[in-house]
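For reference, the structure is listed below as structure tokens.
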Amino acid sequence: MTKQPVLPGSVRRLLDHPVFQDEAAARKALEQLRWPEGYRCIQCSSPNVEKVGGEKRSHREGLLRCKTCRRQFTVTVATVFHRSKVPLTKWMQVIFLEDTPGAAQNSWQMAQATGLAHKTIEKMRARIYAAVGKYEGPNNIFGRRVGGYIRRQRPESYQNAPKPLLRESSDPDVHHQVRDFSRWYGWRKRNPLGKPIMARGVLKAPGETSSENALVRTERLLLQLLANSPVKLLEKRRQKMAAPSHGRWLSKQPKTKPRNPADQTKDSKRGKN
Ligand SMILES: [Zn+2]
């Protein structure tokens, strides 16, 4: 019995793209997606940002520093990738599999395809779903599973949207029913939600024309994940900066009671003797 490949060949070929294999390429792509017009400080949004470099290499990979407010940050700060120990290439792989129809069906298949633990995949997907859930735009841009998640977050009127019709195909070679989305498209045009996210071709493979860019879905999902920065994280940090944790060791009230002045005089007398 031959082992069934986890992913179809067309999907596996796409995983050869540098952003899924090379950590530096993945980071560069994320930076291009997050800051298309050059780096910007995450705290004061100043464009006066420099790369922290040097021969010692004691800094984190891709560390940036704002020259205005001196905040240090990387592209992953305050995104779904925040403080994750999973390599960015693996994150890219999971995001790609999540939003590509016909790729992995569930977390177990994703675990097999990426080589990560199933539990890790579950945690990563929880982060992805939590981030896309706040999205307020048309959901046609995401894949099946993420799109289904967004649909449940929609306002009441959107839950009654017409479902795509199933009908027999006119093509004699196609033996299954095909979905007819025309009613759904018409309804959505009358009930617009927001601007769709447009891919900019950052994840385009060399020699690929824009019309057959297979990673366009992945790029849109990435744009969505990067745009939806969890503000809580930044607020938490600001609070931390305002009240440093060591403050509790510097309490105004001394913990030990002051010595009895009478004892002190005794001590001084003893010292003299
Ligand atoms: Zn700054």
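Bear in mind these aren't lab numbers, they're just calculated from the coordinates by the rules spelled out. Here the structure is a predicted model, which is why all the values come from computation and not from measurement. Neighbour counts are summed over all protein chains in view; Cβ atoms, including those assigned to glycine, are modelled from backbone coordinates with ideal geometry.
A few points about this structure:
- Computed E for Ala25/Glu168 - FRET, C-beta separation, R0 45 angstrom, nearest 0.05: 0.50
- Each of Arg13 and Ala161 was given a label point 7 Å from its Cα along the Cα-to-Cβ line. The distance between the two points is 3.2 nm.
- Beyond 28 Å in Cα-Cα separation lie the following of the pairs Lys28/Lys123; Lys28/Lys67; Lys67/Lys119; Lys90/Lys204: Lys67/Lys119.
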